[in-house]
Amino acid sequence: MSFDTETVQAQNSWVIIDFDSTFMQVEALEELAEIVLKDAANKDEIVDEIKKITSLGVDGKITFNDSLTRRLGLLKVHRSHLEKLVRRMKKKVSVSFSRNKAFFKKNKGRVYIVSNGFKDFIDPIVQAYDIDPDYVLANTFVYDDEGWVTDFDQENYLAHSKGKSRTLKALGLDGKIMVIGDAYTDFEMVEAGIAHQFFAFTENVLRENILDKADHITPSFDEFLYVNQMPRALSYPKNRIQVLLMEGVHEDAAAVFEGEGYDVKLLKDSITEKELSKKLKKASILGVLPKTPITKSLLENASRLMAICVFGNGTSQVDLGACADKGVIVFNAPYTNTRSVVELAIGQIIMLLRRIPVYDKRMKAGSWDRSGHSGFELRGKKLGIIGYGHSGQQLSILAEALGMDVFFYDIVEKPALGKAVKCQSLKELIRKSNVVSINVDNRPENEGFFDRLAFNAMQDNSVLINLCNGQAVEMEALLENLKTGKLLGAGVDVFPQHPFDEQVDFRTELSAFENVILTPYIGGRTLEAQTDTAAFVPNKIIEYINTGSSAQSLNFPRLQLPKLKNAHRLIHIHENRPGLLANINSVLAKHKINILGQYLKTNNHIGYVITDINKKYSEEVLTDLKEIDHTIKFRILY
């Protein structure tokens, strides 16, 4: 069977589309009111009244003729106003209609606009979509010699209740008639037995009173085209992609996904792993905080899951290998909270050098004790940074700006920023530093590296800051050096073990020391970091869904792909076995498919092949590609 979205047409079928709040994002008369009443003192009151009258008519509480008469009676309309309205409305075509212009061109003469609005402004808007005036059935204005609207054609069926049904009946169309609209007046065409199916369009407004009457609820025009196997701009309707966001994910993330047209479920309360497993059966995208465990067993029933987004840096709770084996890509936000972590480090260094925690505790106990020195200035002190990645480098810049001398050590060759000096060994760095900051990740080889020998190398009255890896510091050695007084103080935001639930009892021996600042893993939890993360991660997921790009993923081979142009993109995820690319190309050759571009990358778990092909091919090729041995997931983009 041939599969060609450029030439498939709805043979022997007709598509009837409503205009206001369906083809358009808005109600035209309400937009017209904004133009006519631009300088009127009572504009807001009149616009609100027009909206109320519109709702009364849509809900059937007044006749449509009464609704139309009352609304126009509130406005003094001139032809020049309508010209402005057309310019304004052309920018407010519903998004899913605007991206499917090709459908209207291929199906010219099979699509009607049937509206209770007015041809005077509908015709010039829909002509850009290859809908000629003869296929626009709507009301018409009556003008005086000076171009002012004095009335509307009272003889037009569409100026009265049930006008759409009477108009459609008068057309006498043969074949299947499908109606797309957002109001009861659109359903009436099916209710009257003239049209065959009613698709309740909910992209712009959702009217509860029509949902149970619809043959299909249609959140977008893409959905209508997908259900009816018609040519369309998107291979898969975005409203069918369900995003499940766990409790604690910032609501800005939900807004990003919703703006893309996805079906978003934002949980307000925490749920058990069993409850999450049940919800994952319908989810295509899962959004979690770093605390949420993602295990192999959790993924067993998640057959629709394509991607996981971790809203934070840490991913130790995520079984990245199991995700790869299921064809589930994982993204996180490794750098969006870097500034927040570094600012906390600077704050703690200053407070510990000035012995603020000690004085704070004594003052609160009623002691006015100014004996002894009150600490040290930051200026001139030597800061040693272990790990010169993003957080280490940013800490280096800020600390130097405040007058500190900066040293760093990293097992990977990194260029020094500013006046920072690279140390050749960890021991060298520790010996030189008044303040040591640990800025390493939580990979296994970093566990316990800051041990007794490291503490022995530290200067007296030095400060230790650990905001990045709770496993890096040997806890017994830290406690011992606090007890002996060798350390002036320590700032600790991460721990060897810590709870993932909120508001639970947490005990640590570090609580006994007044020169230690303890915080509950909040280094990156500022409002700015959360909002940045809420924008960054969803956009990486959206890029993957839309283009197949896996750049910056944690468990997929990383491919940065060009935009898809005039082609179909085949995305094949498979076990990393020899000969898979040859098998894919063998299938394409068998079906005489011309390859326009191909991209391959592998890692230890999987192979990732992207193939761009021309638009004409047999549907059998898709089946054959899915049935290649060791295939994990396959999808097509266009």
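The values are calculated or read from the model by the stated rules, or taken from the named source; none is laboratory data. Not measured: the values here are computed from a predicted model. Note: ideal-geometry Cβ built from the backbone for every residue, glycine included; neighbour counts use all protein chains shown.
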* Can you spot a residue in region 593-609 that is in a helix (DSSP H, G or I), outside the structural domain of Tyr262 (by TED's automatic domain parsing), buried (at least 17 other Cβ atoms within 10 Å of the Cβ) and of a type outside the set (Val, Ile, Thr)? -> no
* Structure fact -> Here the residues within region 218-251 that are on the phi > 0 side of the Ramachandran plot and out of contact with any Asp or Glu (no Cβ under 9 Å at 6 or more places or on another chain) are Gln229
* Among the candidates Phe121, Phe104, which residue alone is in the same structural domain as Val15 (by TED's automatic domain parsing) and touching a Leu at 6+ places or on another chain (Cβ under 7 Å)? -> Phe121
* **Out of Gln552, Gln530, sole residue that is more than 30 Å from Leu482 (Cα to Cα) and in contact with a Pro (Cβ under 9 Å, 6 or more places away or on another chain)** => Gln552
* Number of the exception - Ile573 against (1) assigned to a helix (DSSP H, G or I); (2) in contact with a Ser or Thr (Cβ under 9 Å, 6 or more places away or on another chain); (3) closer than 24 Å to Asp319 by Cα -> (1)
* Candidate set from region 58-69 (those that are in contact (Cβ under 8 Å) with a residue 40 or more places away in the chain and closer than 20 Å to Ala200 by Cβ); member that is surrounded by the most Cβ atoms within 10 Å (Cβ to Cβ) -> Val58
* Candidate set: region 108-142, residues that are surrounded by fewer than 19 Cβ atoms within 10 Å (Cβ to Cβ) and polar (S, T, N, Q); chosen: the one nearest to Val179 (Cα to Cα) -> Gln127
* Select from region 379-389 the residues that are part of a loop (DSSP other than H, G, I, E, B), buried (at least 17 other Cβ atoms within 10 Å of the Cβ) and over 42 Å from the mean Cα position of the chain (by Cα) and list them in ascending order. => Lys381
* Among the residues of region 369-378, write down those that are surrounded by 11 or more Cβ atoms within 10 Å (Cβ to Cβ) and not acidic (Asp, Glu). => Ser374, Gly375, Phe376, Leu378
* Asked: Of the residues in region 250-288, how many are without any contact (Cβ under 8 Å) to a residue 40 or more places away in the chain and closer than 30 Å to Asn566 by Cβ?
  -> 3
* **Considering residues of region 348-361 that are in contact (Cβ under 8 Å) with a residue 60 or more places away in the chain and touching a Gly at 6+ places or on another chain (Cβ under 9 Å) only, the residue nearest to Asp493 (Cα to Cα)** => Gln348
* To do: Considering each of Pro357, Pro334 in turn, give the residue that is buried (at least 19 other Cβ atoms within 10 Å of the Cβ) and assigned to a loop (DSSP other than H, G, I, E, B).
  => Pro334
* Report, by residue number, each residue of region 486-540 that is of a type in the set (D, E, K, R), in a loop (DSSP other than H, G, I, E, B) and within 29 Å of the chain's Cα centre (by Cα). => Asp501, Glu502, Arg525
* Asked: Looking at region 250-279, which of the residues that are outside any loop (DSSP other than H, G, I, E, B) and of a type in the set (Gly, Ala, Ser) is surrounded by the fewest Cβ atoms within 10 Å (Cβ to Cβ)?
  -> Gly259
* So, in region 41-57, of the ones that are farther than 17 Å from Asp18 by Cβ and out of contact with any helix residue (DSSP H, G or I) (no Cβ under 7 Å at 6 or more places or on another chain), which residue ends up surrounded by the fewest Cβ atoms within 10 Å (Cβ to Cβ)? -> Ala41
* To do: May I ask you to say which residue of Ala33, Ala40 is of a type outside the set (Asp, Glu), outside any loop (DSSP other than H, G, I, E, B) and over 19 Å from Asn204 (Cα atoms)?
  => Ala33
* Identify, from the list Leu453, Leu402, Leu464, the residue that is at pLDDT 95 or above, of a type in the set (A, V, I, L, M) and either over 16 Å from Gly384 (Cβ atoms) or buried (at least 18 other Cβ atoms within 10 Å of the Cβ) (or both). => Leu464
* For region 406-440, what are the residues that are surrounded by fewer than 16 Cβ atoms within 10 Å (Cβ to Cβ) and in a loop (DSSP other than H, G, I, E, B)? -> Ile411, Val412, Glu413, Pro415, Ala416, Leu417, Gly418, Lys419, Gln424, Ser425
* Can you run down the residue pairs with Cβ atoms below 7 Å, 6 or more apart or on separate chains, where the first is in region 438-457 and over 20 Å from Val406 (Cα atoms) and the partner is assigned to a helix (DSSP H, G or I) and aliphatic (A, V, I, L, M)? => Asp451/Ala477; Arg452/Ala477
* To do: Could you please let me know if Ala582 is among the hydrophobic types (A, V, I, L, M, F, W, C), surrounded by 15 or more Cβ atoms within 10 Å (Cβ to Cβ) and assigned to a helix (DSSP H, G or I)?
  => no
* Can you run down the residue pairs with Cβ atoms below 7 Å, 6 or more apart or on separate chains, where the first is in region 233-249 and closer than 17 Å to Glu275 by Cα and the partner is of a type in the set (Phe, Trp, Tyr) and surrounded by 20 or more Cβ atoms within 10 Å (Cβ to Cβ)? => Val243/Phe257; Val243/Tyr262
* Structure fact -> The lone condition Ile131 fails out of (1) in a strand (DSSP E or B); (2) touching an Asp or Glu at 6+ places or on another chain (Cβ under 9 Å) is (1)
* Which one of these is farther than 15 Å from Pro415 by Cα and either touching a residue at least 12 places away in the same chain (Cβ under 8 Å) or outside any helix (DSSP H, G or I) (or both): Gly366, Gly392? -> Gly366
* Structure fact -> If we keep only residues of region 189-225 that are modelled with pLDDT of 95 or more and in a helix (DSSP H, G or I), then the residue nearest to Phe19 (Cα to Cα) is Phe221
* To do: Take the residues in region 61-101 that are assigned to a helix (DSSP H, G or I) and either β-branched (Val, Ile, Thr) or on the phi > 0 side of the Ramachandran plot (or both), then tell me which one is nearest to the chain's Cα centre (by Cα).
  => Val95
* Pick out the one residue from Ala345, Ala322 that is in a helix (DSSP H, G or I), touching a residue at least 12 places away in the same chain (Cβ under 8 Å) and surrounded by fewer than 21 Cβ atoms within 10 Å (Cβ to Cβ). => Ala322
* Structure fact -> In region 562-579, anything modelled with pLDDT under 90 and either touching a helix residue (DSSP H, G or I) at 6+ places or on another chain (Cβ under 9 Å) or surrounded by 15 or more Cβ atoms within 10 Å (Cβ to Cβ) (or both) is listed as Pro562, Lys563, Leu564, Ala567
